[in-house]
Every structure is written in structure tokens, then in C-alpha cells.
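Okay, structure first, notes after.
Readers should treat all values here as calculations from the given coordinates under stated rules, not as data from a laboratory. A quick note: this is a predicted structure, and the numbers were derived from the prediction, not measured.
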Amino acid sequence: MTADANDPPTTCTESDCDRPAAVRLRVPWDADRAVCPACARALAQRDGVVAEPLSGHEDAWP
């Protein structure tokens, strides 16, 4: 089975982070990105950013 173009990355897309991606950040002024919970906690505090767990990773995001 090959990855679908709509599938999120399996690792965090933030530079210098190789943790598993578990959260999709919807960023109004930039592209959506898949990040680990640690990076999401900091980035989701910006106005307008919405964080939601990736499918199958609901338990990783409190």
C-alpha cells in the first residue's frame, strides 16, 4: 500500500524535531502542518491557529 498524497507526514514537520506527528495545525497565514504534541502546544497558542489530533492519534493530544 502506498501513501496517499493527503496523508499527513509521520514525523513532525518542524525543523530540528524528529518526534512522531500526532497533531494537525491549521494555520491561517501558512500551510497546514503535521507536528508532534510538544511542538503543537507552543504553536497552537498563536491567535487563529487551530490544533486537532490526527486520525489514530487522539490519545496523544490532551
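For the stretch 10-62, just the Cα atoms, rotate onto the principal axes and tell me the three extents in Å, largest first.
The Cα atoms of the stretch 10-62 stretch 25, 23, 16 Å along their principal axes.
What are the residues whose amide H is under 5 Å from the amide H of Cys12, where those residues sit 5 or more places off or on another chain and H is modelled from the backbone?
So Cys12 has HN proximity to Arg19, Ala21, Cys36.
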